[in-house]
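Each remark here refers to the structure printed beneath this line.
The values are calculated or read from the model by the stated rules, or taken from the named source; none is laboratory data. Only a predicted model underlies this, so the values are computations on that prediction, with no experimental measurement involved. All Cβ positions, even for glycine, are placed from backbone atoms using ideal geometry, and neighbour counts span all protein chains on display.
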Amino acid sequence: MNLGQPLLRVATPDDTPRVEALMKESTAALFPLFYDDRQTASAVKYVAEVDPMLLEDGTYFVIESVDEMIGCGGWSRRDKLYTGRDDSRGDARLLDSSREAARVRAMFVRPDWTRRGLGRRILEECEGAARREGFGQLTLGATLPGVPLYLAFGFHAVEEIEVTMPDGVTLECVTMEKPIDATVVGAPPSTLPTHA
């Protein structure tokens, strides 16, 4: 029984409705600090979508407190950089860990739980899992609300890009990379427990 201490666990396909609700809540609350109303509405619709492949692969994590989902995020060994259900670009291809970077994907924290180490805890789990599978680097496509977290974790910006949503709305984003063996900059590692 979880008595309030946030616990991290691997997400399952059964978590899909709760994960998507958290994604949408987080996006609706945090994106207006960086994007206009039209961009935020588009992101709620198209960015805050569960990618079933992440849950099926067992590379997506959730953090819960008193049975409430308060954070989620993961990584992928597949060739897809962005969140959402669009699988029209051959995104199921497995990456070559000896020469390609693992993808960090779909990081969201409930608005009332931001800045408490949840994002860092998920990133630590992603990095450790990718390392165990032989990857030497992480890469991601960050929306602007996530950039400070990723910089604090040791990622560096590679390129500022614009991503066009299916409705034609564009979002400013940043591609970022991090060597897996690099020293993490910032606060000491999180002490959130992991649920077996």
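Within segment 12-50, restricting attention to residues that are in contact with a Lys or Arg (Cβ under 9 Å, 6 or more places away or on another chain) and not in a helix (DSSP H, G or I), the residue that is surrounded by the most Cβ atoms within 10 Å (Cβ to Cβ) is VAL50. None of ALA48, ALA29 is under 19 Å from VAL174 (Cα atoms) and in contact (Cβ under 8 Å) with a residue 60 or more places away in the chain except ALA48. Across segment 52-76, what is the total count of residues that are over 13 Å from GLU25 (Cβ atoms) and over 11 Å from the mean Cα position of the chain (by Cα)? Selection size over segment 52-76: 11. Here GLY84 fulfils each of the conditions (1) modelled with pLDDT of 95 or more; (2) in contact with a Phe, Trp or Tyr (Cβ under 7 Å, 6 or more places away or on another chain) apart from (1). Could you list all residues from segment 52-67 that are surrounded by fewer than 19 Cβ atoms within 10 Å (Cβ to Cβ), in a loop (DSSP other than H, G, I, E, B) and either in contact with a Gly (Cβ under 6 Å, 6 or more places away or on another chain) or hydrophobic (A, V, I, L, M, F, W, C) (or both)? Within segment 52-67, VAL66 is the sole residue that qualifies. Meeting the requirement of 2 or more residues that are surrounded by 15 or more Cβ atoms within 10 Å (Cβ to Cβ), the strands (runs of 3 or more DSSP E) wholly within segment 99-187 are 102-109, 137-143, 170-179. Contact annotation: residue pairs with Cβ atoms under 9 Å, 6 or more positions apart or on different chains, pairing a residue in segment 121-132 that is modelled with pLDDT of 95 or more with a partner that is in a helix (DSSP H, G or I), are LEU123/LEU149; LEU123/TYR150. Taking segment 134-151 as the range and being more than 16 Å from PRO179 (Cβ to Cβ) and not β-branched (Val, Ile, Thr) as the test, the residues that pass are GLY141, ALA142, LEU144, PRO145, GLY146, PRO148, LEU149. Would you be able to tell me the number of residues in segment 134-171 that are charged (D, E, K, R) and touching a residue at least 40 places away in the same chain (Cβ under 8 Å)? Of the residues in that region, 1 qualify.
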